[in-house]
1. Please work out if residue 72 is in a helix (DSSP H, G or I), closer than 20 Å to residue 114 by Cβ and touching a residue at least 12 places away in the same chain (Cβ under 8 Å).
2. Could you count how many residues in region 84-105 are part of a helix (DSSP H, G or I) and either touching a residue at least 60 places away in the same chain (Cβ under 8 Å) or over 19 Å from the mean Cα position of the chain (by Cα) (or both)?
3. Identify all residues within region 20-52 that are part of a helix (DSSP H, G or I) and out of contact with any helix residue (DSSP H, G or I) (no Cβ under 7 Å at 6 or more places or on another chain); write none if there are none.
4. Filter region 106-135 for residues that are surrounded by fewer than 16 Cβ atoms within 10 Å (Cβ to Cβ) and either in contact with a helix residue (DSSP H, G or I) (Cβ under 7 Å, 6 or more places away or on another chain) or part of a loop (DSSP other than H, G, I, E, B) (or both) and give the result.
5. Name the residue, out of 62, 83, 69, 74, that is surrounded by fewer than 16 Cβ atoms within 10 Å (Cβ to Cβ), within 23 Å of residue 133 (Cα to Cα) and not assigned by TED's automatic domain parsing to the domain that holds residue 176.
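The values are calculated or read from the model by the stated rules, or taken from the named source; none is laboratory data. From a predicted model like this one, the values you see are computed outputs, not experimental measurements. No Cβ is skipped: glycine too gets one built from the backbone with ideal geometry, and neighbour counts run over all protein chains shown.
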């Protein structure tokens, strides 16, 4: 993590916040559902929907594939998000997507596998690699918060230059991302 401590902009954030840890999730499907629910919603709206969904349903591929559309809509899910969650459930079920299976895949393979799910793009796949798989060297330049922090701290406005700058932080770009998000707090 020397690269982060020695960076003129991230160094003070490392000093202030200490060593931020990446934590792997024990339930990748549940985390994928949370990611889908969170897409393009305010934090408060997503939290309310997520709470109702988790209270009413068991968050497993089988349960959500068997759930009635009307009941899913009753918790606040749009038709589109119901489709996305069902697509994720089907992929997790049919492809036996597990932490063990993901651990055998490269980052590129994880992105390819996850973006085969209807409604899951590169941003969601990268967030999954950081927050579920705890991969240390992922840089989610697609994330608005990351881009805002890069502009604020480094004056960099284009994604190509952001990706180039992130190479300075290899192999700890996921942790660098955690500090970039802290810079916006």
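1. no
2. Within region 84-105, residues that are part of a helix (DSSP H, G or I) and either touching a residue at least 60 places away in the same chain (Cβ under 8 Å) or over 19 Å from the mean Cα position of the chain (by Cα) (or both) number 7.
3. If the condition is that a residue be part of a helix (DSSP H, G or I) and out of contact with any helix residue (DSSP H, G or I) (no Cβ under 7 Å at 6 or more places or on another chain), then 30, 43, 44, 45, 47, 48, 51, 52 are the ones that fit.
4. Those that are surrounded by fewer than 16 Cβ atoms within 10 Å (Cβ to Cβ) and either in contact with a helix residue (DSSP H, G or I) (Cβ under 7 Å, 6 or more places away or on another chain) or part of a loop (DSSP other than H, G, I, E, B) (or both): 106, 107, 115, 116, 118, 121, 122, 134.
5. Result: 62 is the single residue among 62, 83, 69, 74 that is surrounded by fewer than 16 Cβ atoms within 10 Å (Cβ to Cβ), within 23 Å of residue 133 (Cα to Cα) and not assigned by TED's automatic domain parsing to the domain that holds residue 176.
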